[in-house]
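Step one of this worksheet: look at the structure below.
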Amino acid sequence: MSEWRVFRAELSSPRSDVVVLLATFGLTVFVDLTVAIEVGMVLAAFLFMRRMASLATVNQVSEDVLGEEGVDALTMRRLAHALDTGPASLYVYVANRDELWELLFDAGLATVTTEPTDPARWREQLHELASRIVQMMAVDYPGMARLAMAHIPVGDNSLRVVESMLSLLK
């Protein structure tokens, strides 16, 4: 291997990435490249599914803390306590509190329903959509409006709601 320094540096990556790297490297050397790629892809897929399930748990517990205690109570330390883990382990899922807030805002917008545009009643639909957004930010998740102002919402649910609003204004 000509780039052994790069290979050694990769060993300081997250443990799941190192497992995939070492498994595929070992299978490439001792078995076959095709088998190594197949096993590496399967391992990576399982690890991805595990991470997404864990992230969903982090999001759910964050929403619970946000709904019960408000946005000021939602810190990495408080979330770690609710998950019965250490704050450092949360950084596997989110880089910082801002990223956590972005995920939470998008999850909050998932509760806002949209409906197909009816040109005859666009004003009524726009008013109803705005009311559902205000309901989510003020009643369902108090303090959520502050999260909306902290960043530009670009999550899937944010874009869905904005597209619905823009279609009503067309």
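Here are the numbers for the structure shown:
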item	result
Anisotropy class of segment 33-120 from Cα gyration tensor, a/c 1.5 cut	oblate
Full-extension gain in nm, residue 151 to residue 25, via 0.36 nm per residue minus C-alpha separation	41.3 nm
Volume per residue of the C-alpha convex hull in segment 1-158, rounded to whole Å³	164 Å³
0 to 90° range, to nearest 10: angle between helix 122-135 axis and the chain longest Cα axis	60 degrees
Segment 97-142 and segment 25-57: distance between their alpha carbon centers, rounded to Å	38 Å
Accessible solvent surface per residue of the chain, calculated while the other protein chains remain in place, 1.4 angstrom probe, Å²	64 Å²
Counted charge near residue 151, where neighbours are those whose Cβ lies closer than 14 Å (Asp, Glu -1; Lys, Arg +1)	-2
Separation in nanometres of the label points that stand 7 Å from Cα toward Cβ, at residue 159 and residue 48	1.7 nm
Probe 1.4 Å - accessible area at residue 10, Å² to nearest ten	90 Å²
Using a Förster distance of 22 Å, the FRET efficiency for residue 140-residue 81 (Cβ separation, nearest 0.05)	0.45
Accessible surface of segment 1-136, 1.4 Å probe, proportion on carbon and sulfur as whole %	60 percent
Residue-averaged 222 nm ellipticity for the chain, from DSSP H runs of 4+ at -39500 (n - 2.57), nearest 500	-22500 deg cm²/dmol
Spin-label pair residue 169/residue 41, simplified geometry with 7 Å Cα→Cβ offset, distance in nm	4.4 nm
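The values are calculated or read from the model by the stated rules, or taken from the named source; none is laboratory data. As the structure is a computational prediction, the values presented were derived from the model and not from experiment. Neighbour counts are summed over all protein chains in view; Cβ atoms, including those assigned to glycine, are modelled from backbone coordinates with ideal geometry. Ligands, DNA and RNA are stripped out before the accessible areas are found, and what is left, the full protein with its side chains, is counted by its heavy atoms. Shrake-Rupley method; radii C 1.70, N 1.55, O 1.52, S 1.80 Å.
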